[in-house]
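Asks: Below: one structure in structure tokens.
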Amino acid sequence: MKFDLAINLERADQSISMKDVKNHTLDMVQMADDANFNIAWAAEHHALEMTIAPNPFQILTWWAENTNKLRLGTAVAAAPYWHPIRLAGEAAFTDLITEGRLEFGIGSGAYQREFDRMYPGLKQSDAWQYMQESLPVIRKLWQGDCEHDGQFWSFPLSTSVPKPYQKNGPPVWVAARAPITYDYAVKNECNIMAWPLTRPFSEAQLYKQRLDDALREHGTGFKPIFAMMRHTAVYENKSHSDMYIKAIQRILGQFENLFKNLDDVKNGFPKEIELKDLQNRDEYNPSMLKENLMFGTPDEIIKKLKKYQELGVDNFIYYASMGLDHNLQKKSLRLFCDEVIPAFI
């Protein structure tokens with residue numbers, strides 16, 4: 001099993017300075033590079049302080065200049081917000097200046113709130129169609145001249161300038177939960193990243209089953225890398241868990257605001273929804289979070305990770321952003337590097 005890091009530039013409230021966020025994020029990425037993590041992932045989001053990522057390629061370029069061997073991935077570029085020619089060129093340029101370190105993740109986009117601002121009138125539930133039209137076109141543009149007359153974009157003969165550094169372009173990833181996306185990934189030879197949110201291990205098993213079903217129905221001989229992301233917190237003693245649980249509950253309360261499109265966001269900060277007021281509040285109780293997320297002492301984390309390894313997960317994505325104090329975030333990652341990773345070497 002390989003290990004990746006997903007981290008956002010993140011502000012839970014205005015008391016946290018942007019300079020501190022910038023420095024902390026780079027520190028975490030450099031720690032992952034020193035520990036031989038495989039990929040560092042940057043998201044794309046707009047007008048939200050909890051995920052400051054207006055252009056993932058710019059973030060990856062910054063990280064590339066300050067790391068040595070870590071591969072760099074978009075998780076994910078939101079296809080509806082990009083013209084395919086622009087997205088192909090941005091990705092290829094990033095691949096060029098990083099000398100082939102790019103992992104190209106593409107997806108639909110997350111929150112209806114963002115669509116209402118970035119692409120008014122588009123429903124988030126329909127956005128997958130844009131991703132599925134865009135990706136084949138991007139791959140053609142990376143190879144040379146092509147023209148396109150599609151449902152969402154049309155353009156005369158054009159190409160990607162520059163071309164990617166990696167032959168045939170960077171590895172392609174899609175974020176997948178629904179069966180239709182697993183089918184698409186397998187048919188189009190894409191790697192897969194899955195995120196079970198706060199749901200139990202059975203959700204990870206469901207995603208693996210969907211991958212297996214897609215391979216059986218649509219397999220081309222290409223074996224996709226199957227990556228699984230979980231919020232992760234490693235602590236020395238079980239008695240230390242409360243501060244980590246409180247931090248993730250706060251972020252999850254903000255996430256619910258966005259996920260349900262309640263539109264209560266001021267100056268980029270989503271209001272935290274009281275978890276007791278949610279119909280699905282059982283998904284956020286402390287015992288469930290400790291069990292389902294990658295929370296625990298090093299020994300507990302190793303035991304949990306072994307289950308994912310046995311399931312067939314190739315890459316575990318350590319999701320570091322959870323509203324936690326910066327020093328505690330670094331302490332958790334250091335424990336993971338020093339005491340967890342050696343069990344998988």
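None of the figures in this text is laboratory data; all of them are computed from the coordinates on show. Worth saying up front: this structure is predicted, and the values here are computed from it rather than measured. Methodologically, a virtual Cβ is constructed for each residue, glycine included, from the backbone with ideal geometry; neighbour enumeration extends over all protein chains shown.
Asks: Step by step: find N for region 124-211, compute 2.2 N^0.38 Å, then divide the Cα radius of gyration by it. What's the final number?
Replies: Details: Rg = 15.6 Å, N = 88, 2.2 N^0.38 = 12.1 Å.
Against the empirical 2.2 N^0.38 Å value, I get 1.29 for region 124-211.
Asks: Still on this structure, I have one more. Using the Karplus equation 6.51 cos²θ - 1.76 cosθ + 1.60 (θ = phi - 60°), what ³J(HN,Hα) coupling, rounded to whole Hz, does each residue of region 164-170 give in order, writing x for Gly and Pro?
Replies: These are the phi-based 3J(HN,Hα) values: x, 5, 7, 4, 6, x, x Hz.
Asks: What size of dipole, in debye to the nearest 20, comes out for the chain about its Cα centre when the only charges are +1 on Lys and Arg C-beta atoms and -1 on Asp and Glu C-beta atoms? Working shown, then result.
Replies: Numbers: 39 positive and 45 negative charges, 67 e Å.
Computed about the Cα centre, the dipole is about 320 debye.
Asks: For D13 and D213 in the same chain, what is the full-extension length gain: residue separation times 0.36 nm, less their Cα-Cα distance, in nm?
Replies: Details: separation 200, 0.36 × 200 = 72.00 nm, distance 4.31 nm.
Between D13 and D213, full extension yields an extra 67.7 nm.
Asks: If amide H atoms are built 1.01 Å from N in the plane of the peptide, which residues on other chains or at least 5 residues away come under 5 Å of the amide H of E103?
Replies: Result for E103 returns L72, G73, T74.
Asks: GNM on the chain, C-alpha springs below 10 Å: top fluctuator among I16, I85, I192?
Replies: Highest fluctuation among the options: I16.
Asks: With a cut-off of 8 Å between alpha carbons and a minimum separation of six or more residues, what is the relative contact order of region 193-269 in percent? Present the calculation step by step, with values, prior to reporting the outcome.
Replies: On the way: 24 pairs, mean separation 24.9, N = 77.
For region 193-269, the relative contact order is 32 percent.
Asks: Something else about it: Region 232-257 to region 40-107: how many Å between their Cα centroids?
Replies: If we compute the Cα centre of each part, the gap is 28 Å.
Asks: Taking the Cα centre as origin and putting +1 on Lys and Arg beta-carbons and -1 on Asp and Glu beta-carbons, what dipole magnitude results for region 70-145, to the nearest 20 debye?
Replies: On the way: 8 positive and 9 negative charges, 19 e Å.
Magnitude of the dipole: close to 100 debye.
Asks: With no solvent and one equal point scatterer per Cα, compute the Debye intensity ratio I(q)/I(0) for the chain at 0.06, 0.07, 0.12, 0.15 Å⁻¹ and report its log10, rounded to two decimals.
Replies: Computed log10 I(q)/I(0) values: -0.20, -0.28, -0.87, -1.43.
Asks: Just want to confirm a number: the relative contact order over the chain, from Cα pairs under 8 angstrom separated by 6+ residues, in percent.
Replies: Working: 621 pairs, mean separation 63.3, N = 345.
Value for the chain: 18 percent.
Asks: Ok, one more. Name the aspartates and glutamates eligible as straight-distance cross-link partners of K69: C-alpha to C-alpha under 16 Å, and not fewer than 8 places from it in the same chain.
Replies: Once the sequence-local aspartates and glutamates are set aside, what remains near K69 is D4, D27, D33, D34, D95, E99, E103.
Asks: Taking the dipole about the Cα centre of region 1-134, with the C-beta of Lys and Arg at +1 and of Asp and Glu at -1, give me whichever of L70, G89, Q129 is farthest to the positive side.
Replies: Towards the positive end, the residue furthest out is Q129.
Asks: Assign one of three labels to region 19-171, namely rounded, prolate or oblate, based on the Cα gyration tensor with a ≥ b ≥ c the square roots of its eigenvalues; rounded applies when a/c is under 1.5, prolate when it is not and a/b is larger than b/c, and oblate otherwise. Don't jump to the answer; show the numbers that get you there.
Replies: Values: a/c = 2.51, a/b = 1.26, b/c = 1.98.
The shape class here is oblate.
Asks: Using just the helices of the chain, give the 222 nm mean residue ellipticity in deg cm²/dmol: DSSP H runs with n ≥ 4 each add -39,500 (n - 2.57), and the total is spread over all residues, rounded to 500. Mind showing how you got there, number by number?
Replies: Details: 11 runs with 141 residues, N = 345.
Result for the chain, helices only: -13000 deg cm²/dmol.
Asks: According to the Kirkwood expression over distinct Cα-Cα pairs, how big is the hydrodynamic radius of region 43-105, in Å? Working shown, then result.
Replies: Numbers: mean 1/r = 0.0838 Å⁻¹.
The answer is 11.9 Å.
Asks: For region 39-95, calculate the relative contact order in percent as a whole number, restricting contacts to Cα pairs under 8 Å that are 6 or more residues apart.
Replies: Details: 64 pairs, mean separation 21.4, N = 57.
About 37 percent, as a whole number.
Asks: When ranked by the protection proxy of mean other Cβ atoms within 10 Å per residue, highest first, what sequence do the peptides 265-273, 90-98 form? Numbers along the way, then the final one.
Replies: Values: 265-273: 15.3, 90-98: 21.4.
Final packing ranking: 90-98, 265-273.
Asks: With unit charges on the beta carbons (Lys and Arg positive, Asp and Glu negative) and the dipole taken about the Cα centre of the chain, which residue among T220, P270, G144 sits farthest to the positive side?
Replies: T220
Asks: Here's a follow-up. Can you compute the modelled spin-label distance between K271 and Q309, with each label point 7 Å from Cα toward Cβ, in nm?
Replies: 4.6
Asks: Placing +1 at every Lys and Arg Cβ and -1 at every Asp and Glu Cβ, with all other atoms neutral, what dipole size does region 44-113 have around its Cα centre, in debye to the nearest 20?
Replies: Working: 5 positive and 7 negative charges, 21 e Å.
Once rounded to the nearest 20, the dipole reads 100 debye.
Asks: Show the residues, 5+ positions off or on another chain, whose built amide H is closer than 5 Å to the amide H of H148.
Replies: Under 5 Å from the amide H of H148: F155.
Asks: Here's a follow-up. Which one of T297, I317, P171 has its Cα pushed farthest toward the positive end of the charge dipole of the chain, where Lys and Arg give +1 and Asp and Glu give -1 at the Cβ?
Replies: Of the listed residues, the answer is T297.
Asks: Further question on the same structure: Give the shape of region 178-300 as rounded, prolate or oblate, defined through the alpha-carbon gyration tensor: a ≥ b ≥ c are the square roots of its eigenvalues, a/c under 1.5 means rounded, and otherwise the shape is prolate if a/b is larger than b/c and oblate if not. Intermediate results must be reported in sequence, preceding the final value.
Replies: Details: a/c = 2.60, a/b = 1.54, b/c = 1.68.
Judged from the Cα gyration tensor, region 178-300 comes out oblate (a/c at least 1.5, b/c at or above a/b).
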